[in-house]
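Undergrad: To start, I am sharing the structure in question, which I have written as structure tokens.
The values are calculated or read from the model by the stated rules, or taken from the named source; none is laboratory data. None of the values given here were measured: they were computed from a predicted structure. Every residue, glycine as well, gets a Cβ built from its backbone with ideal geometry; the counts of neighbours run over all protein chains shown.
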Amino acid sequence: MRPIPTILCGLVLLACGALPAHAQTQAAPEAASVFDRIGDELIAGLGAQGSMIDDWKSRFSGGGAIAIWPLGEKDAPLPKPVLDAWTDTLTDSLLRSSKGRHRFVSRADLGAVMREAEHSEAVDGGNPVAAVLKGSKADFLVSGRARVVDNGIALSYRLLEVKTGSPRAASREYVVPVDFVRSSTHADSLALDAAMTDAATYFAKTVPDLQVLKNLGVRQADTGVETPLGRYLSQRVADAIVERASNVLTERRVRVVDAALDSAAIKSVKTRSVNAALTAEPGAYTFEGAYWQLDQVVELRLTAANPTGEHYSWTKRILKASVRPELVGAAQQAQWNRPPADGWAKSAGIGPISLDLSSNKGGNPSYRIGETMVLLLRLGEEAYVDCFYRQVDGKTMKIFPNRYALSGKVSARSSVEIPGGAMRFSFVVQEPEGVERVKCFAADRDLSPLLPKDIGGQDLATLPAGVADHLSEIYRTIPKAKISEATMVVTVHK
């Protein structure tokens, strides 16, 4: 199988006043009802926040262009035609609810911008979404969040103003029924040992120049957490690839190493992404995956990628009965997959300012107790940055700016290490095991005078819980400020 170039999934955009041409797959009636409610709530919320003048403008000159960011196969364990049908159905609902007051940006107008965005990683803060939004002339972006629940997929959407990144409307969470029991009896479901052999054979045969696997781990898809099940699957399949790919006769040898940047490689992140820095040596590929626990199976998706944009992907369903019970039981789910506090779910930082949040071990990293963590920020334009760290126990502290780096101002197309430079402290991961999070905001101006004293005046000290739980709301409601926000999950384990 030939390698597939990495490309940016396009915005689903429709010409003003025209209904979409539907894909062959149609959304089920239950899904259509859900998307009708979501569309009504988003348009109603957008109208409720506008003034009488805005309402008059929307009636007679158009209420702004809306772009819809589609759900992809990384968001939910469903085939792409089904997810595309859901996006089409939501678009129908938005068109109906808007009653001609809003325009929908055409895909043709985005063609050149999207092609440029595919190559924007090194120059635009590692966030091609921001590049697309800047060039699309969209005024509003609709984006969704999906998570697996017992009886289907829970969906919620929000509508953001592109210029400022401020929220203008949000839907409640609704469940689209999905029969996972029936779908899990698919012929592709394999026992664990057979699945590991199948994955190893695929990567050994289809990645001809593979020499080094930089293992980024396997995470629970909805949360970004590397659970004990994820670590087990990651180690099993990596070991199997080494066994399958290594050949004494041809002297081909493959080795697996934990993906981590040393101090010299960290410096190179100023001009390239973390994953590109990780795979700088010949024959090196990053290796990572995601899984969903469904009724009777675990759906596992694995990807190997190199810095040229080539990637190889494998997806199968593993029979849950063939996995050790302690790895898939309710106790593990309760410990590692607890829902985060509001505003602390993983997010890639969609907003008007290009902001990429990562670490010396990549995005949503996993650290053993005793390891040292370095946070890495890249920005595509000059901005003022504030970053916060939330511990396993829920305590949150402001980590940037700090007493060693007094200003949060970051130059355009540059990177920041936390800690780095003159910052005389380090992040050494400590007990207990669990899930921690990093949240960063990038603004077009210094917001310190407008923030509560509990935020602006803090320096490597714990914030009051009432403030820490509402950081997103506090920042995004500051008037006339352009805000981008990114949240990264950090897994701590023994």
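Undergrad: Taking residue 418, is it modelled with pLDDT of 90 or more, touching a Cys at 6+ places or on another chain (Cβ under 6 Å) and closer than 19 Å to residue 439 by Cβ? Don't jump to the end; show me each part of the working.
TA: Details: modelled with pLDDT of 90 or more: yes; touching a Cys at 6+ places or on another chain (Cβ under 6 Å): no; closer than 19 Å to residue 439 by Cβ: yes.
Taking the combined requirement at face value, the residue does not satisfy it.
Every residue, every condition in (1) among the small types (Gly, Ala, Ser); (2) within 28 Å of residue 77 (Cβ to Cβ), yes or no:
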{"position": "224", "(1), (2)": "yes, yes"}
{"position": "232", "(1), (2)": "no, yes"}
{"position": "242", "(1), (2)": "no, yes"}
{"position": "246", "(1), (2)": "yes, no"}
{"position": "263", "(1), (2)": "yes, no"}
{"position": "273", "(1), (2)": "yes, yes"}
{"position": "278", "(1), (2)": "no, yes"}
{"position": "282", "(1), (2)": "no, no"}
{"position": "286", "(1), (2)": "no, yes"}
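Undergrad: Also, quick follow-up: Scan 461, 412, 443 and give me the residue that is crowded, with 20+ Cβ neighbours inside 10 Å and either modelled with pLDDT under 90 or touching a strand residue (DSSP E or B) at 6+ places or on another chain (Cβ under 6 Å) (or both).
TA: Working: 461 fails: crowded, with 20+ Cβ neighbours inside 10 Å; 412 fails: crowded, with 20+ Cβ neighbours inside 10 Å.
Exactly one residue qualifies, and that residue is 443.
Undergrad: Return the residues of the range 381-409 that are among the charged types (D, E, K, R), within 23 Å of residue 482 (Cα to Cα) and at pLDDT 90 or above; say none if nothing qualifies.
TA: From the range 381-409, those among the charged types (D, E, K, R) are 381-382, 386, 390, 393, 395, 398, 403, 409; that's our starting set.
Cutting the leftovers down to within 23 Å of residue 482 (Cα to Cα) gives us 381-382, 386, 398, 409.
Within the range 381-409, 382, 386, 398, 409 qualify.
Undergrad: Still on this structure, please answer the following. Report, ordered by the first and then the second residue, all pairs with beta carbons closer than 7 Å, sequence separation of six or more or different chains, a first member in the range 397-419 that is within 16 Å of residue 440 (Cα to Cα), and a second member that is of a type in the set (Ser, Thr, Tyr).
TA: Correct list of pairs: 397/389; 397/462; 399/389; 401/407; 408/384; 409/384; 419/426.
Undergrad: Which of the residues that make up the range 72-106 are over 29 Å from residue 224 (Cβ atoms), part of a helix (DSSP H, G or I) and among the charged types (D, E, K, R)?
TA: 92, 96 - these are the residues of the range 72-106 that are over 29 Å from residue 224 (Cβ atoms), part of a helix (DSSP H, G or I) and among the charged types (D, E, K, R).
Undergrad: May I pose another question? Let me spell it out: the conditions are (1) farther than 16 Å from residue 487 by Cβ; (2) in a strand (DSSP E or B); (3) of a type in the set (Gly, Ala, Ser), and residue 370 meets all of them except one. Which number is the exception?
TA: Evaluating residue 370 over (1) farther than 16 Å from residue 487 by Cβ; (2) in a strand (DSSP E or B); (3) of a type in the set (Gly, Ala, Ser) leaves (2) as the failure.
Undergrad: Still on this structure, please answer the following. Before we move on, is residue 364 outside any strand (DSSP E or B), among the polar types (S, T, N, Q) and modelled with pLDDT of 90 or more? If you could, list the steps in order and put the result at the bottom.
TA: Details: outside any strand (DSSP E or B): yes; among the polar types (S, T, N, Q): yes; modelled with pLDDT of 90 or more: yes.
Spelling it out, residue 364 is indeed outside any strand (DSSP E or B), among the polar types (S, T, N, Q) and modelled with pLDDT of 90 or more.
Undergrad: Could you tell me whether residue 289 is in contact (Cβ under 8 Å) with a residue 40 or more places away in the chain and among the small types (Gly, Ala, Ser)? Give the derivation first.
TA: Values: in contact (Cβ under 8 Å) with a residue 40 or more places away in the chain: yes; among the small types (Gly, Ala, Ser): yes.
So residue 289 passes the test.
Undergrad: Now for a different question. Tell me the residue from 243, 226, 173 that is of a type in the set (D, E, K, R), without any contact (Cβ under 8 Å) to a residue 24 or more places away in the chain and on the phi < 0 side of the Ramachandran plot, please. Even if it seems obvious, please write down each step before you answer.
TA: Numbers: 243 fails: without any contact (Cβ under 8 Å) to a residue 24 or more places away in the chain; 226 fails: without any contact (Cβ under 8 Å) to a residue 24 or more places away in the chain.
Only one candidate qualifies: 173.
Undergrad: I would also like to ask the following. What are the pairs, 6+ residues apart or on separate chains, where a residue within the range 137-157 that is in the same structural domain as residue 171 (by TED's automatic domain parsing) has its Cβ under 6 Å from a residue that is among the basic types (Lys, Arg) and part of a strand (DSSP E or B)?
TA: Sorted first by the residue in the range 137-157, then by its partner, the pairs are 154/147; 156/145.
Undergrad: What's the number of the only condition in (1) buried (at least 17 other Cβ atoms within 10 Å of the Cβ); (2) out of contact with any strand residue (DSSP E or B) (no Cβ under 6 Å at 6 or more places or on another chain) that residue 235 fails to meet?
TA: Unmet condition: (1).
Undergrad: Looking at the range 319-337, is at least one residue within 30 Å of residue 205 (Cα to Cα) and either polar (S, T, N, Q) or not assigned by TED's automatic domain parsing to the domain that holds residue 286 (or both)?
TA: yes
Undergrad: Looking at the range 417-435, can you tell me whether even one residue there is touching a helix residue (DSSP H, G or I) at 6+ places or on another chain (Cβ under 8 Å) and closer than 15 Å to residue 486 by Cα?
TA: So far as the range 417-435 goes, no, none of its residues is touching a helix residue (DSSP H, G or I) at 6+ places or on another chain (Cβ under 8 Å) and closer than 15 Å to residue 486 by Cα.
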